[in-house]
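A.B. asks: Attaching a single structure in structure tokens format; questions to follow.
The values are calculated or read from the model by the stated rules, or taken from the named source; none is laboratory data. Predicted, not measured: the structure shown is a model, and the values here were computed from it. A quick note on method: Cβ atoms are made from the backbone with ideal geometry, for glycine too, and the neighbour counts reach across all protein chains shown.
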């Protein structure tokens, strides 16, 4: 049932998802075609960045499936993988309370997924697998099981650094505070844990050294952040009406936590409740007080929130549950998860008109050409008929769906400018400068004959005032100087597609 949002529409629209899909295709294409024109502007990122997992999976899927299907298969892996991995981890607890995995369903379609942070979403699955694997093999380690854990941790590193660090926190707490054995045995377990981390730990150290400890957007409203955690802000993105459903989930979690606390006070809980409790509190503290941008990573607060909720479920699994409470929990969890999913499916329908605007351009784009997208406004402020009903800019990178379907070389590839992913712009080759300005400033390279784009796509020029008058004037002059003519305007006027006069498929950088 939870696969319905993924498979109901042609694309499950997210903010960064189209960019990840496009760059996975471009990365695969450049690997297989050394003479592809993209090599002139882009290079492979040789650094072992911890953001490669989704790109590797998408590149493989794109070898056997169309772009829309490849993305759906990746999202299916996540949507199925998260509750199954949570169940795997919870079943390894002393009480084997796998039914608590039902409480994880409301967290599948979180704000993190709608932002399009595929690597982090996949990292949650791998993190839960690592936690479950450790608990199943604790005290019975062999070389093969240590190597197995090391492989899972290496995979976790290449998924996301935050989840990798949290795995060290939670596994360390399970060894130190969750074991009933004497300290010599615990030290041996710590040694095993260190061995498992040994292959991937130097990579994490290198990443931290490269990024430094820079922090931006410091947290200021601690009380408000704490309140947002209680009302499940990390799964909020679809307007005020969503609050009712979030409160139902929050009430269910609060009720389960209250019953678990009662069992702890009666001395009926497993010793493993303590590492999970401490881990939850530490992750909650990170949610409340940590800046929203740390060591190159942005929008970190909802990620801390999701990690803390999963740790809370781990703690709930460390207490015994009576058959009556278990049956009640299963029933309430199923009903509430289904109600929230129904609401989400209806809201996702609001994303489709805006996406249809972009898809209407497809017949006007020749395959193998080049495209320069230029945005004039915040993708959240759209004509009322296209309003997606979310504060997340889900249309901000939708142009990349066009690029991957028509196999274009897209000059608006912000991902290649970050340095965190498999492809990077060569020095001086990024066509967009000052991308935060609207419209952005055009780089000198796209004024050269070799890199003139076939198409220029203006986004929201008619509906949004230019934030930078100078940049807007430069764009207008660029279109006039290189003889771009209006080729198509989308039905609601959101998009204007300009084509360079005299351009042909054979003369373009992206043609073969």
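Matching residues to (1) in contact (Cβ under 8 Å) with a residue 60 or more places away in the chain; (2) farther than 26 Å from residue 128 by Cβ; (3) part of a loop (DSSP other than H, G, I, E, B):
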| residue | (1), (2), (3) |
| --- | --- |
| 39 | no, yes, no |
| 54 | yes, no, no |
| 87 | no, no, no |
| 100 | yes, no, no |
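A.B. asks: Next question. Do we find a residue being touching a helix residue (DSSP H, G or I) at 6+ places or on another chain (Cβ under 9 Å), at negative phi, surrounded by fewer than 23 Cβ atoms within 10 Å (Cβ to Cβ) and at pLDDT below 95 anywhere in the stretch 57-65?
C.D. replies: no
A.B. asks: I would also like to ask the following. Of the residues 66, 59, 130, which single one is outside the structural domain of residue 359 (by TED's automatic domain parsing) and more than 22 Å from residue 405 (Cα to Cα)? Outline the logic, then answer.
C.D. replies: Working: 66 fails: more than 22 Å from residue 405 (Cα to Cα); 59 fails: more than 22 Å from residue 405 (Cα to Cα).
The unique qualifying residue is 130.
A.B. asks: Identify all residues within the stretch 136-152 that are in a helix (DSSP H, G or I) and touching a helix residue (DSSP H, G or I) at 6+ places or on another chain (Cβ under 6 Å); write none if there are none. Break it down into steps so the answer makes sense when it comes.
C.D. replies: From the stretch 136-152, those in a helix (DSSP H, G or I) are 136-137, 143-152; that's our starting set.
Result: 137, 145, 146, 149, 150, 152.
Let's see how each residue does on (1) in a helix (DSSP H, G or I); (2) modelled with pLDDT under 95; (3) buried (at least 24 other Cβ atoms within 10 Å of the Cβ); (4) out of contact with any strand residue (DSSP E or B) (no Cβ under 8 Å at 6 or more places or on another chain):
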{"position": "70", "(1), (2), (3), (4)": "yes, no, no, yes"}
{"position": "73", "(1), (2), (3), (4)": "yes, no, no, yes"}
{"position": "76", "(1), (2), (3), (4)": "yes, no, no, yes"}
{"position": "80", "(1), (2), (3), (4)": "yes, no, no, yes"}
{"position": "84", "(1), (2), (3), (4)": "yes, no, no, yes"}
{"position": "96", "(1), (2), (3), (4)": "no, yes, no, yes"}
{"position": "122", "(1), (2), (3), (4)": "yes, no, yes, yes"}
{"position": "127", "(1), (2), (3), (4)": "yes, no, yes, yes"}
{"position": "132", "(1), (2), (3), (4)": "yes, no, no, yes"}
